[in-house]
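The values are calculated or read from the model by the stated rules, or taken from the named source; none is laboratory data. Since we're looking at a predicted model, the values are computed, not measured. Cβ placement follows ideal geometry from the backbone for every residue including glycine, while neighbour counts extend to all protein chains displayed. Side chains included, ligands, DNA and RNA excluded: accessible areas come from the protein's heavy atoms. Shrake-Rupley method; radii C 1.70, N 1.55, O 1.52, S 1.80 Å.
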Amino acid sequence: QVQLVESGGGLVQPGGSLILSCEASGFAFTSYWMYWVRQAPGKGLEWVATINTARVSTSYADSVAGRFTISRDVAKRTTYLQMESLKPEDTALYYCARLGAAEGYWGQGTLVTVSS
């Protein structure tokens, strides 16, 4: 079955950096675009970043562009989100996902807390 497992979250001070990982299994990893989506406390889901199957095209939400970088390692079947210059408003539960027109698969999420 499809499985996505996020890791790397934690507590970081404003201006700090963190790298999130999402290990995928149960499907052809190279055949799907991968996404990072987050949910801040008391708020709805917010798309963060996307990477295509060729690993050459990426896109970001305006709120994180220039600070976050999405990448993927095919051999490790892992999608990464490198976060820099973190702000308190980046505090959220971060999910990686494989989304499609018919269905979507989500990980359990990893919590990122940005606070001094």
**Prompt:** Build a GNM of the chain with springs between Cα atoms under 10 Å: which of G66, G15, G44 gets the top mean-square fluctuation?
**Reply:** G44
**Request:** Treating the Cα atoms of the chain as identical point scatterers in vacuum, please give the log10 of the normalised Debye intensity I(q)/I(0) at q = 0.12, 0.19, 0.23 Å⁻¹, two decimals.
**Result:** -0.38, -0.96, -1.38
**Å² per residue, accessible surface of the chain at 1.4 Å** = 52
**Request:** Compute the distance in nm between two label points, each set 7 Å from the Cα along the Cα-to-Cβ direction, one at A102 and one at S115.
**Result:** 4.3
**Request:** Would you mind telling me the share, in percent, of accessible area of the range 27-116 contributed by carbon and sulfur at probe 1.4 angstrom?
**Result:** 51
**Complete:** Stretched fully, the stretch from N52 through I19 gains (0.36 nm per residue minus C-alpha distance, one decimal, in nm) 10.0 nm
**Asked** For S31 and A61 in the same chain, what is the full-extension length gain: residue separation times 0.36 nm, less their Cα-Cα distance, in nm?
**Response** 8.5 nm
